[in-house]
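The values are calculated or read from the model by the stated rules, or taken from the named source; none is laboratory data. Note that the structure is a prediction, hence the values are computed from the model and not measured. Methodologically, a virtual Cβ is constructed for each residue, glycine included, from the backbone with ideal geometry; neighbour enumeration extends over all protein chains shown. Heavy atoms of the whole protein, side chains included, go into the accessibility calculation; ligands, DNA and RNA do not. Shrake-Rupley method; radii C 1.70, N 1.55, O 1.52, S 1.80 Å.
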Amino acid sequence: MPGPSVTLNVIAMCKSFGRRKALDQVSLQVGAGEFVALLGPNGAGKSTLFQILSGLFIADQGQALVCGFDIGAEPIAALARLGVVFQQPALDLDLSVAANLQFQADLHGIARLDAKQRIASCLARFGLAERSQDAARVLSGGNRRKVELARALLTGPQLLLMDEATVGIDPASRMQIIADVKALCKEQNMAVLWATHLVDEAEGADRIVVMAKGKVEFDGQSAQLIASQQCANLTDAFMRLTE
Ligand code: ADP
Ligand code: MG
């Protein structure tokens, strides 16, 4: 059994939509302070897994534990420890940046004064302190994503789920967001599961879990993946494994 430093433990999870198996016996772990890339082509089941971990869907079989709390049996305790940025942007564009974060704080029952301080510090972290009163609508795609990230971090999660968080963002902002999340992961000993179909985003991860067609096809270090497929680089190894 995994020790107490295992922040996320997914065990033999299955989920079907009709006859399609979106998740087929998926097991994976993310430790405290570990940045794990969940690398898979479109349709691999990444978002389905995230939706189950966020309590939006119920798995057909299997289990997921966040800090030891079962997402099915103890959802409140599990969800309280989790921050998530979904694939689909989910800011209210007409609200100010600060109001978007305040709404999240209210949902979690964080007292107003505490919330104010947390919002200021989360926005400052991403260089958005000056933008707090701007409508989300006037921000660039990259900055909107950073606001969503700041919102996910407001409650000090022990597990951060990022679902294709950099899609549609310019390369510089993309690299900045990845670097920010990696720094946070190490500083705060936070577990990060970073879903992507982009090999370059997985390259610097502590560990890579490759998913295709609902199954985990590989779990280990980048160099092991390259060696296992007898390829020259990660892109080729990923293609060979998932073709
Ligand atoms: P990924 O995020 O890796 O691209 P998804 O989890 O979105 O993969 O999808 C996995 C599979 O499940 C796909 O074949 C997709 O068409 C199917 N699927 C996902 N969500 C639904 C849904 N709500 N209803 C029916 N099929 C779905
Ligand atoms: Mg997806």
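Data for the structure
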| item | result |
| --- | --- |
| For segment 141-158, 3J(HN,Hα) per residue [Karplus equation, 6.51 cos²θ - 1.76 cosθ + 1.60, θ = phi - 60°, Hz, x = Gly/Pro] | x, x, 5, 4, 5, 5, 5, 5, 5, 4, 5, 5, 8, 4, 8, x, x, 8 |
| Amide hydrogen neighbours beyond the local backbone of Ser27, cut-off 5 Å, H modeled | Ala12, Met13, Val216 |
| Carbon + sulfur, % of accessible area of the chain - ligands and nucleic acids excluded, 1.4 Å | 52 |
| Cα-based convex hull, segment 92-155, per residue volume (Å³, whole number) | 68 |
| Ranked order, Asp219, Asp94 - accessible area, probe 1.4 Å, largest first | Asp94, Asp219 |
| Computed [θ] at 222 nm, helices only, for the chain once each DSSP H run of length n ≥ 4 contributes -39500 (n - 2.57) | -10500 deg cm²/dmol |
| Under the Debye formula (equal points on every Cα, no solvent term), log10 I(q)/I(0) of the chain at q = 0.07, 0.08, 0.15 Å⁻¹ | -0.23, -0.30, -1.05 |
| R0 of 35 Å, Cβ-Cβ distance Gln230-Ile58: FRET efficiency to nearest 0.05 | 0.30 |
| Other-chain or far-sequence residues with amide H under 5 Å of Gln61's (modelled H) | Cys14 |
| Relative contact order (%) - criterion: Cα under 8 Å, at least six apart; region: segment 92-155 | 51 |
| For segment 92-155: accessible area per residue (Å², 1.4 Å) | 50 |
| Integer Hz, Karplus 6.51/-1.76/1.60 couplings in order for segment 222-236, x for Gly and Pro | 3, 4, 5, 5, 4, 5, 5, 9, 6, 10, 8, 8, 5, 4, 5 |
| Rel. contact order, % - alpha carbon contacts under 8 angstrom, at least six apart, the chain | 28 |
| Lysines with Cα under 27 Å of Lys21, excluding same-chain neighbours fewer than 8 positions away | Lys46, Lys213, Lys215 |
| Length-normalised contact order of segment 175-243 in % [C-alpha pairs under 8 Å, at least 6 apart] | 20 |
| Amide H within-cut-off set for Met211, under 5 Å, with H built and near neighbours excluded | Leu39, Gly40, Glu217 |
| Net charge dipole size for the chain [Lys, Arg +1 and Asp, Glu -1 on Cβ; Debye, nearest 20] | 260 |
